[in-house]
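Colleague: Please see the structure below; I have some questions.
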Amino acid sequence: MPERFYVTTPIYYVNADPHVGHAYTTIMADVMARHHRQRGEDVFFLTGTDEHGAKVARSAEEAGRTPREHADALSARFRDLGRTLDATNDFFIRTTDAEHVAEVQRILERLHASGDVYRSRYGGWYCTACESFYGEDDLVDERLCPIHRRPVEWLEEDNWFFRLSAYRERLLAHFDAHPGWVLPQARFNEARRMIEDGLDDLSISRSQISWGVPVPWDPEQVVYVWVDALFNYRTALGYAGPDAGRFWPPDLQLMAKDILKFHAVIWPALLMAADIPLPRRLAVHGYVLKGGEKMSKTTGNLVDPFPFIEEYGLDALRYYLTREIRFGEDGTFSAEGFEARYTGELANEFGNLLNRTVNMIGRYRDGVVPADPGDDAELATEVAGTVARVRAAFDAVDPTRALEEVWGLVRRLNRLVEERAPWTLAKDPDAARALDGALHALAAGLRAVAVLLWPVIPASAERALGALGQDPARTGLDGAGWEGVAGARVAPVPPLFPRVERQPA
Ligand SMILES: [Zn+2]
(Lines give C-alpha, C1' and ligand atoms only; values in the text may rest on other atoms or scores of the structure.)
Protein backbone atom coordinates (compact mmCIF):
# COMPACT_ATOMS: atom_id res chain seq x y z
CA MET A 1 0.00 0.00 0.00
CA PRO A 2 1.45 3.38 -0.97
CA GLU A 3 1.57 6.07 1.68
CA ARG A 4 -1.29 8.56 1.60
CA PHE A 5 -0.90 12.29 1.42
CA TYR A 6 -3.84 14.67 1.84
CA VAL A 7 -3.11 18.38 1.31
CA THR A 8 -5.52 21.31 1.50
CA THR A 9 -5.60 25.03 0.76
CA PRO A 10 -7.99 27.22 2.72
CA ILE A 11 -11.19 27.62 0.77
CA TYR A 12 -11.26 31.06 -0.79
CA TYR A 13 -13.86 33.56 0.22
CA VAL A 14 -15.94 34.59 -2.79
CA ASN A 15 -16.14 38.23 -1.85
CA ALA A 16 -13.63 39.54 -4.36
CA ASP A 17 -11.66 38.45 -7.40
CA PRO A 18 -8.63 36.21 -6.93
CA HIS A 19 -5.20 37.85 -6.71
CA VAL A 20 -1.62 36.70 -6.45
CA GLY A 21 -2.01 35.85 -2.73
CA HIS A 22 -4.56 33.16 -3.62
CA ALA A 23 -2.35 32.03 -6.48
CA TYR A 24 0.55 31.67 -4.05
CA THR A 25 -1.29 29.33 -1.67
CA THR A 26 -2.69 27.24 -4.52
CA ILE A 27 0.72 26.93 -6.17
CA MET A 28 2.39 25.92 -2.88
CA ALA A 29 -0.24 23.22 -2.31
CA ASP A 30 0.14 22.04 -5.90
CA VAL A 31 3.94 21.87 -5.57
CA MET A 32 3.55 19.76 -2.42
CA ALA A 33 0.93 17.52 -4.06
CA ARG A 34 3.06 16.96 -7.16
CA HIS A 35 6.16 16.19 -5.14
CA HIS A 36 4.33 13.55 -3.11
CA ARG A 37 2.92 12.05 -6.32
CA GLN A 38 6.53 11.84 -7.55
CA ARG A 39 7.23 9.60 -4.60
CA GLY A 40 4.49 7.27 -5.75
CA GLU A 41 2.16 8.20 -2.90
CA ASP A 42 -1.64 8.13 -2.99
CA VAL A 43 -2.33 11.90 -3.03
CA PHE A 44 -5.48 13.93 -2.53
CA PHE A 45 -5.36 17.69 -3.05
CA LEU A 46 -8.38 19.77 -2.04
CA THR A 47 -9.23 23.40 -2.71
CA GLY A 48 -12.47 25.31 -3.17
CA THR A 49 -14.57 28.30 -2.20
CA ASP A 50 -16.18 29.60 0.98
CA GLU A 51 -19.51 31.08 -0.05
CA HIS A 52 -21.70 31.91 2.93
CA GLY A 53 -21.90 34.85 5.30
CA ALA A 54 -23.00 38.46 5.56
CA LYS A 55 -20.20 39.80 3.42
CA VAL A 56 -21.18 37.68 0.42
CA ALA A 57 -24.86 38.57 0.88
CA ARG A 58 -23.96 42.27 0.98
CA SER A 59 -21.66 42.13 -2.07
CA ALA A 60 -24.36 40.24 -3.95
CA GLU A 61 -26.88 42.93 -3.13
CA GLU A 62 -24.47 45.62 -4.30
CA ALA A 63 -23.98 43.71 -7.55
CA GLY A 64 -27.75 43.34 -8.01
CA ARG A 65 -27.57 39.55 -7.77
CA THR A 66 -28.87 36.88 -5.43
CA PRO A 67 -26.23 35.49 -3.06
CA ARG A 68 -26.33 32.25 -5.02
CA GLU A 69 -25.75 33.97 -8.37
CA HIS A 70 -22.94 35.99 -6.84
CA ALA A 71 -21.32 32.91 -5.33
CA ASP A 72 -21.63 31.02 -8.63
CA ALA A 73 -19.91 33.82 -10.54
CA LEU A 74 -17.05 34.32 -8.08
CA SER A 75 -16.53 30.62 -7.41
CA ALA A 76 -16.07 30.11 -11.15
CA ARG A 77 -13.32 32.75 -11.13
CA PHE A 78 -11.42 30.82 -8.46
CA ARG A 79 -11.91 27.55 -10.29
CA ASP A 80 -10.52 29.22 -13.44
CA LEU A 81 -7.55 30.52 -11.47
CA GLY A 82 -6.73 26.96 -10.44
CA ARG A 83 -6.91 25.78 -14.05
CA THR A 84 -4.75 28.68 -15.21
CA LEU A 85 -2.16 27.75 -12.58
CA ASP A 86 -2.26 24.11 -13.72
CA ALA A 87 -3.24 23.11 -10.19
CA THR A 88 -3.77 19.36 -9.95
CA ASN A 89 -6.43 19.48 -7.23
CA ASP A 90 -8.48 16.30 -7.06
CA PHE A 91 -11.63 18.12 -6.02
CA PHE A 92 -13.03 21.62 -5.78
CA ILE A 93 -15.45 22.04 -2.91
CA ARG A 94 -18.07 24.77 -2.61
CA THR A 95 -19.68 25.36 0.77
CA THR A 96 -22.98 25.80 -1.07
CA ASP A 97 -22.78 22.15 -2.22
CA ALA A 98 -25.83 20.31 -0.85
CA GLU A 99 -23.62 17.46 0.39
CA HIS A 100 -21.42 19.86 2.36
CA VAL A 101 -24.43 21.61 3.92
CA ALA A 102 -26.00 18.31 4.99
CA GLU A 103 -22.76 17.02 6.50
CA VAL A 104 -22.09 20.27 8.38
CA GLN A 105 -25.55 19.89 9.90
CA ARG A 106 -24.81 16.30 10.92
CA ILE A 107 -21.54 17.35 12.54
CA LEU A 108 -23.31 20.23 14.32
CA GLU A 109 -25.80 17.74 15.73
CA ARG A 110 -22.88 15.75 17.09
CA LEU A 111 -21.40 18.85 18.69
CA HIS A 112 -24.81 19.67 20.18
CA ALA A 113 -25.12 16.15 21.55
CA SER A 114 -21.65 16.37 23.08
CA GLY A 115 -22.97 18.91 25.57
CA ASP A 116 -20.47 21.55 24.51
CA VAL A 117 -23.01 23.73 22.72
CA TYR A 118 -25.28 26.12 24.66
CA ARG A 119 -27.43 29.19 24.03
CA SER A 120 -26.45 32.60 25.36
CA ARG A 121 -26.51 36.31 24.79
CA TYR A 122 -23.57 37.53 22.84
CA GLY A 123 -22.26 41.03 22.37
CA GLY A 124 -19.05 42.09 20.71
CA TRP A 125 -17.26 44.36 18.30
CA TYR A 126 -17.95 42.92 14.90
CA CYS A 127 -15.98 43.47 11.73
CA THR A 128 -18.15 42.54 8.75
CA ALA A 129 -15.08 42.25 6.53
CA CYS A 130 -13.57 39.61 8.87
CA GLU A 131 -16.92 38.08 9.82
CA SER A 132 -15.43 38.13 13.24
CA PHE A 133 -16.10 39.51 16.69
CA TYR A 134 -13.29 41.25 18.53
CA GLY A 135 -12.74 41.99 22.18
CA GLU A 136 -12.04 45.56 23.24
CA ASP A 137 -8.34 44.68 23.65
CA ASP A 138 -8.02 43.35 20.10
CA LEU A 139 -9.07 46.63 18.46
CA VAL A 140 -6.53 49.15 17.27
CA ASP A 141 -6.51 52.96 17.21
CA GLU A 142 -10.05 54.37 17.51
CA ARG A 143 -11.91 51.04 17.66
CA LEU A 144 -10.74 49.75 14.31
CA CYS A 145 -10.52 46.16 13.14
CA PRO A 146 -6.90 45.01 13.63
CA ILE A 147 -6.84 43.43 10.16
CA HIS A 148 -8.82 45.87 8.05
CA ARG A 149 -8.36 49.04 10.12
CA ARG A 150 -11.97 49.87 9.50
CA PRO A 151 -14.63 50.76 12.09
CA VAL A 152 -16.28 47.83 13.85
CA GLU A 153 -19.88 47.73 15.07
CA TRP A 154 -21.29 46.58 18.41
CA LEU A 155 -23.54 43.62 17.83
CA GLU A 156 -25.71 41.76 20.34
CA GLU A 157 -27.76 38.67 19.71
CA ASP A 158 -28.84 35.33 21.11
CA ASN A 159 -26.43 32.76 19.71
CA TRP A 160 -25.37 29.19 20.07
CA PHE A 161 -21.99 28.89 21.71
CA PHE A 162 -19.28 26.27 21.56
CA ARG A 163 -17.55 25.68 24.89
CA LEU A 164 -14.06 26.37 23.52
CA SER A 165 -12.81 27.33 26.97
CA ALA A 166 -13.29 23.73 28.12
CA TYR A 167 -10.69 22.52 25.57
CA ARG A 168 -7.73 24.47 26.93
CA GLU A 169 -6.04 21.52 28.67
CA ARG A 170 -6.68 19.05 25.85
CA LEU A 171 -5.36 21.51 23.26
CA LEU A 172 -2.22 22.20 25.28
CA ALA A 173 -1.69 18.47 25.70
CA HIS A 174 -2.00 18.04 21.94
CA PHE A 175 0.53 20.79 21.26
CA ASP A 176 2.96 19.31 23.76
CA ALA A 177 2.60 15.80 22.35
CA HIS A 178 2.99 16.97 18.71
CA PRO A 179 5.78 19.56 18.69
CA GLY A 180 5.90 19.83 14.88
CA TRP A 181 2.20 20.00 14.21
CA VAL A 182 2.20 23.71 13.37
CA LEU A 183 4.97 25.06 11.13
CA PRO A 184 6.98 27.23 11.40
CA GLN A 185 7.92 27.07 15.07
CA ALA A 186 7.04 30.74 15.65
CA ARG A 187 3.44 30.04 14.63
CA PHE A 188 3.32 26.97 16.83
CA ASN A 189 4.42 29.12 19.77
CA GLU A 190 1.96 31.85 18.88
CA ALA A 191 -0.98 29.43 18.75
CA ARG A 192 0.07 27.69 21.93
CA ARG A 193 0.28 31.06 23.68
CA MET A 194 -3.28 31.92 22.58
CA ILE A 195 -4.46 28.73 24.23
CA GLU A 196 -2.37 29.19 27.34
CA ASP A 197 -3.67 32.72 27.83
CA GLY A 198 -7.18 31.29 28.08
CA LEU A 199 -9.93 30.87 25.53
CA ASP A 200 -13.36 32.45 25.33
CA ASP A 201 -16.25 30.34 24.23
CA LEU A 202 -17.05 30.73 20.55
CA SER A 203 -20.31 31.95 19.14
CA ILE A 204 -21.05 29.44 16.38
CA SER A 205 -24.33 30.78 15.01
CA ARG A 206 -25.76 34.05 13.76
CA SER A 207 -29.36 35.20 13.96
CA GLN A 208 -29.15 38.34 11.83
CA ILE A 209 -27.91 36.58 8.72
CA SER A 210 -29.86 34.26 6.47
CA TRP A 211 -27.21 33.31 3.85
CA GLY A 212 -25.72 30.26 5.50
CA VAL A 213 -26.25 26.72 6.75
CA PRO A 214 -29.32 26.56 9.01
CA VAL A 215 -28.63 25.36 12.54
CA PRO A 216 -30.43 21.99 12.47
CA TRP A 217 -32.21 22.32 15.84
CA ASP A 218 -32.81 26.09 15.48
CA PRO A 219 -33.41 26.98 11.82
CA GLU A 220 -33.87 30.67 12.72
CA GLN A 221 -30.10 30.77 13.00
CA VAL A 222 -27.33 29.98 10.53
CA VAL A 223 -23.99 28.38 11.35
CA TYR A 224 -21.16 30.90 11.80
CA VAL A 225 -19.43 31.06 8.42
CA TRP A 226 -16.03 30.08 9.84
CA VAL A 227 -17.36 26.89 11.43
CA ASP A 228 -19.17 26.05 8.18
CA ALA A 229 -15.95 26.70 6.24
CA LEU A 230 -13.54 24.79 8.49
CA PHE A 231 -15.50 21.58 8.13
CA ASN A 232 -15.05 21.62 4.34
CA TYR A 233 -11.80 19.70 4.77
CA ARG A 234 -13.85 16.90 6.28
CA THR A 235 -17.11 17.06 4.32
CA ALA A 236 -15.40 17.05 0.89
CA LEU A 237 -14.12 13.53 1.42
CA GLY A 238 -17.72 12.33 1.79
CA TYR A 239 -18.57 13.06 -1.85
CA ALA A 240 -15.32 13.83 -3.70
CA GLY A 241 -15.09 10.33 -5.10
CA PRO A 242 -15.35 6.69 -4.19
CA ASP A 243 -13.48 5.88 -1.00
CA ALA A 244 -12.13 9.45 -0.61
CA GLY A 245 -12.76 9.06 3.11
CA ARG A 246 -9.55 7.01 3.30
CA PHE A 247 -7.55 10.25 3.18
CA TRP A 248 -8.64 11.54 6.60
CA PRO A 249 -6.91 13.09 8.50
CA PRO A 250 -5.15 15.74 6.38
CA ASP A 251 -1.36 15.40 6.27
CA LEU A 252 -0.80 19.04 5.45
CA GLN A 253 -3.07 22.05 5.67
CA LEU A 254 -1.71 25.27 4.19
CA MET A 255 -2.86 28.75 5.16
CA ALA A 256 -1.75 32.34 5.56
CA LYS A 257 -0.87 33.53 9.04
CA ASP A 258 -3.97 35.72 9.51
CA ILE A 259 -6.15 32.62 9.92
CA LEU A 260 -3.85 30.83 12.36
CA LYS A 261 -6.25 30.98 15.32
CA PHE A 262 -9.11 29.48 13.35
CA HIS A 263 -6.97 26.57 12.17
CA ALA A 264 -4.64 25.92 15.10
CA VAL A 265 -7.02 26.61 18.01
CA ILE A 266 -10.69 26.50 17.01
CA TRP A 267 -10.46 23.79 14.33
CA PRO A 268 -8.76 21.14 16.54
CA ALA A 269 -11.16 21.88 19.41
CA LEU A 270 -14.19 21.44 17.14
CA LEU A 271 -12.77 18.14 15.88
CA MET A 272 -12.10 16.95 19.42
CA ALA A 273 -15.70 17.75 20.35
CA ALA A 274 -17.00 15.88 17.30
CA ASP A 275 -14.64 12.99 18.06
CA ILE A 276 -12.82 13.25 14.72
CA PRO A 277 -9.03 12.65 14.43
CA LEU A 278 -6.97 15.83 14.07
CA PRO A 279 -4.91 16.93 11.05
CA ARG A 280 -1.26 15.89 11.20
CA ARG A 281 0.32 19.17 10.27
CA LEU A 282 -0.54 22.80 9.60
CA ALA A 283 1.89 24.92 7.60
CA VAL A 284 1.44 28.65 7.89
CA HIS A 285 2.86 30.91 5.23
CA GLY A 286 3.51 34.63 5.22
CA TYR A 287 2.13 37.36 3.03
CA VAL A 288 3.02 38.22 -0.51
CA LEU A 289 3.94 41.88 -0.09
CA LYS A 290 4.03 44.64 -2.63
CA GLY A 291 6.00 47.76 -1.82
CA GLY A 292 6.40 46.48 1.74
CA GLU A 293 2.65 46.11 2.37
CA LYS A 294 0.28 43.19 2.48
CA MET A 295 -1.70 42.91 -0.71
CA SER A 296 -5.38 43.28 -0.13
CA LYS A 297 -8.53 44.58 -1.71
CA THR A 298 -8.74 47.13 1.09
CA THR A 299 -5.29 48.64 0.52
CA GLY A 300 -5.78 48.44 -3.26
CA ASN A 301 -2.23 47.21 -4.02
CA LEU A 302 -3.17 43.89 -5.56
CA VAL A 303 -0.88 42.27 -8.10
CA ASP A 304 -2.73 40.60 -10.93
CA PRO A 305 -0.80 37.41 -11.74
CA PHE A 306 -2.26 37.07 -15.23
CA PRO A 307 -0.05 39.62 -17.09
CA PHE A 308 3.02 37.85 -15.69
CA ILE A 309 1.73 34.50 -16.90
CA GLU A 310 1.02 36.02 -20.32
CA GLU A 311 4.49 37.53 -20.73
CA TYR A 312 6.71 34.99 -19.01
CA GLY A 313 4.64 31.82 -18.96
CA LEU A 314 3.00 30.02 -16.06
CA ASP A 315 6.12 28.14 -14.99
CA ALA A 316 7.96 31.42 -14.48
CA LEU A 317 5.29 32.59 -12.04
CA ARG A 318 5.29 29.27 -10.20
CA TYR A 319 9.07 29.36 -10.00
CA TYR A 320 9.31 32.99 -8.88
CA LEU A 321 6.80 32.62 -6.06
CA THR A 322 8.34 29.39 -4.79
CA ARG A 323 11.88 30.74 -4.97
CA GLU A 324 11.41 34.34 -3.85
CA ILE A 325 9.00 33.93 -0.96
CA ARG A 326 10.50 31.61 1.63
CA PHE A 327 7.64 29.46 2.81
CA GLY A 328 6.56 30.67 6.23
CA GLU A 329 7.91 34.20 5.83
CA ASP A 330 6.66 37.35 4.16
CA GLY A 331 8.17 38.04 0.75
CA THR A 332 8.00 40.82 -1.76
CA PHE A 333 6.61 40.49 -5.25
CA SER A 334 8.34 42.85 -7.64
CA ALA A 335 8.44 43.04 -11.41
CA GLU A 336 12.21 43.68 -11.32
CA GLY A 337 12.84 40.67 -9.09
CA PHE A 338 10.66 38.55 -11.36
CA GLU A 339 12.60 39.60 -14.44
CA ALA A 340 15.96 39.01 -12.71
CA ARG A 341 15.13 35.46 -11.66
CA TYR A 342 13.57 34.66 -15.01
CA THR A 343 16.55 35.79 -17.04
CA GLY A 344 19.35 34.92 -14.65
CA GLU A 345 18.17 31.58 -13.35
CA LEU A 346 15.52 30.04 -15.58
CA ALA A 347 16.73 31.29 -18.99
CA ASN A 348 20.51 31.46 -18.50
CA GLU A 349 21.47 28.94 -15.84
CA PHE A 350 18.91 26.24 -16.63
CA GLY A 351 17.47 26.82 -20.13
CA ASN A 352 20.78 27.66 -21.81
CA LEU A 353 22.53 24.77 -20.11
CA LEU A 354 19.93 22.39 -21.47
CA ASN A 355 20.20 23.75 -25.01
CA ARG A 356 24.00 23.72 -24.95
CA THR A 357 24.05 20.15 -23.66
CA VAL A 358 21.59 18.90 -26.26
CA ASN A 359 23.47 20.74 -29.03
CA MET A 360 26.86 19.36 -27.97
CA ILE A 361 25.53 15.80 -27.80
CA GLY A 362 24.09 16.38 -31.28
CA ARG A 363 27.30 17.79 -32.69
CA TYR A 364 29.86 15.50 -31.06
CA ARG A 365 27.97 12.24 -30.54
CA ASP A 366 25.32 12.18 -33.28
CA GLY A 367 22.58 12.99 -30.78
CA VAL A 368 23.08 9.93 -28.58
CA VAL A 369 24.01 10.26 -24.89
CA PRO A 370 27.32 8.40 -24.47
CA ALA A 371 27.75 5.56 -21.99
CA ASP A 372 29.08 6.49 -18.56
CA PRO A 373 32.88 5.93 -18.58
CA GLY A 374 32.72 5.92 -14.78
CA ASP A 375 34.92 8.96 -14.23
CA ASP A 376 32.31 11.00 -12.43
CA ALA A 377 31.56 9.04 -9.28
CA GLU A 378 31.78 12.22 -7.26
CA LEU A 379 29.17 13.94 -9.38
CA ALA A 380 26.93 10.85 -9.25
CA THR A 381 27.12 11.02 -5.46
CA GLU A 382 26.31 14.71 -5.58
CA VAL A 383 23.19 14.05 -7.66
CA ALA A 384 22.02 11.37 -5.20
CA GLY A 385 22.73 13.76 -2.32
CA THR A 386 20.69 16.50 -3.99
CA VAL A 387 17.73 14.15 -4.39
CA ALA A 388 17.93 13.22 -0.70
CA ARG A 389 18.19 16.86 0.40
CA VAL A 390 15.26 17.87 -1.81
CA ARG A 391 13.15 15.12 -0.23
CA ALA A 392 14.15 16.32 3.23
CA ALA A 393 13.27 19.90 2.32
CA PHE A 394 9.81 18.81 1.18
CA ASP A 395 9.40 16.76 4.36
CA ALA A 396 10.03 19.99 6.24
CA VAL A 397 7.49 21.81 4.00
CA ASP A 398 10.26 24.03 2.67
CA PRO A 399 9.88 24.16 -1.12
CA THR A 400 12.13 27.23 -1.23
CA ARG A 401 15.01 25.22 0.23
CA ALA A 402 14.22 22.38 -2.19
CA LEU A 403 14.73 24.82 -5.08
CA GLU A 404 17.98 26.09 -3.56
CA GLU A 405 19.23 22.51 -3.43
CA VAL A 406 18.32 21.93 -7.08
CA TRP A 407 19.97 25.19 -8.03
CA GLY A 408 23.17 24.10 -6.35
CA LEU A 409 23.24 21.22 -8.82
CA VAL A 410 22.35 23.47 -11.77
CA ARG A 411 25.32 25.70 -10.92
CA ARG A 412 27.58 22.69 -10.46
CA LEU A 413 26.67 21.51 -13.96
CA ASN A 414 27.34 24.96 -15.42
CA ARG A 415 30.79 24.90 -13.81
CA LEU A 416 31.35 21.46 -15.25
CA VAL A 417 30.81 22.81 -18.78
CA GLU A 418 33.39 25.53 -18.19
CA GLU A 419 35.89 23.19 -16.50
CA ARG A 420 35.74 20.40 -19.07
CA ALA A 421 35.21 22.62 -22.15
CA PRO A 422 33.74 19.83 -24.34
CA TRP A 423 34.43 21.94 -27.47
CA THR A 424 38.15 21.65 -26.74
CA LEU A 425 37.95 17.93 -25.90
CA ALA A 426 36.14 17.36 -29.21
CA LYS A 427 39.22 18.50 -31.13
CA ASP A 428 41.47 15.91 -29.48
CA PRO A 429 40.94 12.22 -30.49
CA ASP A 430 42.73 11.12 -27.29
CA ALA A 431 40.09 12.91 -25.20
CA ALA A 432 37.13 10.88 -26.50
CA ARG A 433 36.59 9.17 -23.14
CA ALA A 434 36.76 12.48 -21.29
CA LEU A 435 34.24 13.96 -23.72
CA ASP A 436 31.92 10.96 -23.22
CA GLY A 437 32.17 11.49 -19.47
CA ALA A 438 31.38 15.19 -19.65
CA LEU A 439 28.40 14.74 -21.97
CA HIS A 440 27.04 11.84 -19.97
CA ALA A 441 27.41 13.75 -16.71
CA LEU A 442 25.58 16.74 -18.16
CA ALA A 443 22.72 14.61 -19.48
CA ALA A 444 22.36 12.62 -16.25
CA GLY A 445 22.62 15.74 -14.10
CA LEU A 446 20.10 17.67 -16.20
CA ARG A 447 17.65 14.81 -16.17
CA ALA A 448 17.81 14.80 -12.36
CA VAL A 449 17.32 18.58 -12.35
CA ALA A 450 14.27 18.30 -14.64
CA VAL A 451 12.66 15.63 -12.45
CA LEU A 452 13.37 17.57 -9.26
CA LEU A 453 11.99 20.79 -10.78
CA TRP A 454 8.86 19.12 -12.10
CA PRO A 455 6.64 19.94 -9.08
CA VAL A 456 7.44 23.64 -9.50
CA ILE A 457 7.73 24.06 -13.31
CA PRO A 458 5.91 21.00 -14.67
CA ALA A 459 5.50 21.99 -18.33
CA SER A 460 9.12 23.14 -18.73
CA ALA A 461 10.46 20.10 -16.89
CA GLU A 462 8.52 17.80 -19.20
CA ARG A 463 9.93 19.60 -22.26
CA ALA A 464 13.41 19.30 -20.81
CA LEU A 465 12.92 15.56 -20.31
CA GLY A 466 11.75 15.26 -23.91
CA ALA A 467 14.85 17.16 -25.11
CA LEU A 468 17.03 14.69 -23.18
CA GLY A 469 15.36 11.79 -24.95
CA GLN A 470 13.30 10.78 -21.93
CA ASP A 471 9.60 10.00 -21.66
CA PRO A 472 8.14 13.34 -20.47
CA ALA A 473 5.44 11.47 -18.57
CA ARG A 474 8.05 9.74 -16.41
CA THR A 475 8.35 12.31 -13.67
CA GLY A 476 8.74 9.98 -10.70
CA LEU A 477 11.65 10.59 -8.34
CA ASP A 478 13.14 7.23 -9.35
CA GLY A 479 13.96 8.93 -12.68
CA ALA A 480 16.35 11.33 -10.93
CA GLY A 481 19.14 8.76 -10.64
CA TRP A 482 22.49 8.65 -12.38
CA GLU A 483 21.89 5.45 -14.30
CA GLY A 484 19.85 4.86 -17.42
CA VAL A 485 20.39 7.99 -19.47
CA ALA A 486 23.11 6.48 -21.71
CA GLY A 487 21.92 5.66 -25.21
CA ALA A 488 19.03 8.14 -25.13
CA ARG A 489 18.55 10.13 -28.30
CA VAL A 490 18.36 13.85 -27.58
CA ALA A 491 16.00 16.16 -29.44
CA PRO A 492 16.78 19.86 -29.76
CA VAL A 493 14.01 22.17 -28.50
CA PRO A 494 13.49 25.93 -28.74
CA PRO A 495 14.62 27.82 -25.61
CA LEU A 496 12.45 26.86 -22.60
CA PHE A 497 12.50 30.44 -21.36
CA PRO A 498 12.69 32.81 -24.34
CA ARG A 499 13.60 36.48 -24.05
CA VAL A 500 10.67 38.62 -22.94
CA GLU A 501 10.20 41.86 -24.87
CA ARG A 502 7.52 43.61 -22.86
CA GLN A 503 7.57 43.52 -19.07
CA PRO A 504 4.40 43.88 -17.02
CA ALA A 505 4.38 46.84 -14.65
ZN1 LIG B 1 -11.72 43.07 9.75
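Colleague: Go ahead and run the numbers for FRET between SER114 and LYS427, Cβ-Cβ distance against an R0 of 60 Å, rounding to 0.05.
Modeller: 0.15
Colleague: Same structure, new question: Are there chymotrypsin sites (Phe, Trp or Tyr not before Pro) in region 1-69 that DSSP marks as loop and that have at most 16 other Cβ atoms within 10 Å, and which are they?
Modeller: Sparse-neighbourhood loop chymotrypsin sites (Phe, Trp or Tyr not before Pro): none present.
Colleague: Using Cα atoms only, what is the angle between the long axis of helix 314-324 and the major principal axis of the chain, expressed in degrees (0 to 90) to the nearest 10?
Modeller: Taking the Cα atoms of the chain, the angle to 314-324 is about 80 degrees.
Colleague: Probe radius 1.4 Å, ligands and nucleic acids ignored: give me the carbon and sulfur share of the accessible area of region 299-372 as a rounded percent.
Modeller: Carbon and sulfur atoms account for 46 percent of the accessible area of region 299-372.
Colleague: Let me ask another. For the pair SER207 and GLU136, what calculated FRET efficiency results from E = 1/(1 + (r/R0)^6), where r is the Cβ-Cβ distance and R0 = 30 Å, to the nearest 0.05?
Modeller: Approximately 0.85, to the nearest 0.05.
Colleague: For region 243-289 and region 1-65, compute the distance between their C-alpha centroids and round to whole Å.
Modeller: 13 Å
Colleague: Could you give the C-alpha radius of gyration of region 168-212 expressed as a fraction of 2.2 N^0.38 Å, taking N as the number of residues it contains?
Modeller: Against the empirical 2.2 N^0.38 Å value, I get 1.56 for region 168-212.
Colleague: Could you state the angle between the C-alpha long axis of helix 185-196 and the longest principal axis of the C-alpha atoms of the chain, as a value from 0 to 90 degrees rounded to the nearest 10?
Modeller: Taking Cα atoms only, the helix is inclined about 10 degrees.
Colleague: How large a share of the accessible area of region 93-144, in percent, is made up of carbon and sulfur atoms when the probe is 1.4 Å and the other protein chains stay in place?
Modeller: 43 percent
Colleague: Counting every Cα pair in the chain, what percent are over 42 Å apart?
Modeller: Percentage above 42 Å: 26.
Colleague: Still on this structure, please answer the following. FRET efficiency for ASP86 and GLU62, Cβ-Cβ distance as r, R0 = 30 Å, nearest 0.05?
Modeller: 0.35
Colleague: Can you work out the accessible area per residue across the chain, with the rest of the protein chains kept in place, probe 1.4 Å, in square angstrom?
Modeller: Heavy-atom SASA per residue in the chain reads 41 Å².
Colleague: Roughly speaking, to the nearest percent, how much of region 391-505's 1.4 Å accessible area is carbon and sulfur?
Modeller: Roughly 50 percent, rounded to a whole number.
Colleague: Please compute the net charge surrounding SER75, taking Lys and Arg as +1 and Asp and Glu as -1 over other residues with Cβ under 9 Å from its Cβ.
Modeller: Result for the local shell: +1.
Colleague: I've got another one for you. Return the percentage of antiparallel bridges among DSSP beta bridges fully within region 191-348, rounded to the nearest 5 %.
Modeller: The antiparallel fraction comes to roughly 50 percent.
Colleague: To the nearest 10 degrees, how steep is helix 168-177 against the longest Cα principal axis of the chain, on a 0 to 90 scale?
Modeller: Helix 168-177 sits at roughly 10 degrees to that axis.
Colleague: So for the pair ALA434, ARG39, with labels modelled 7 Å out along Cα→Cβ, what separation do we get in nm?
Modeller: 4.2 nm
Colleague: Related question: What is the sum of charges, Lys and Arg at +1 and Asp and Glu at -1, for the other residues whose Cβ falls under 15 Å from the Cβ of PHE231?
Modeller: -4
Colleague: Separate question: Roughly how many Å is it from the Cα centre of region 400-476 to that of region 146-187, as a whole number?
Modeller: Region 400-476 and region 146-187 have Cα centres separated by 49 Å.
Colleague: At q = 0.23, 0.24 Å⁻¹, what is the base-10 log of I(q)/I(0) for region 82-181 according to the Debye formula with one equal point scatterer per Cα and no solvent? Please give it to two decimals.
Modeller: -1.07, -1.08
Colleague: Restricting things to alpha carbons, tell me how big region 209-306 is in terms of Rg and Dmax, in Å.
Modeller: 16.8, 49
The values are calculated or read from the model by the stated rules, or taken from the named source; none is laboratory data. Because the structure is predicted, anything quoted here is derived from the model rather than measured. Glycine also receives a Cβ, built like all others from the backbone with ideal geometry; neighbour counts cover every protein chain displayed. Areas reflect the complete protein model, heavy atoms only, side chains present, ligands, DNA and RNA absent. Shrake-Rupley method; radii C 1.70, N 1.55, O 1.52, S 1.80 Å.
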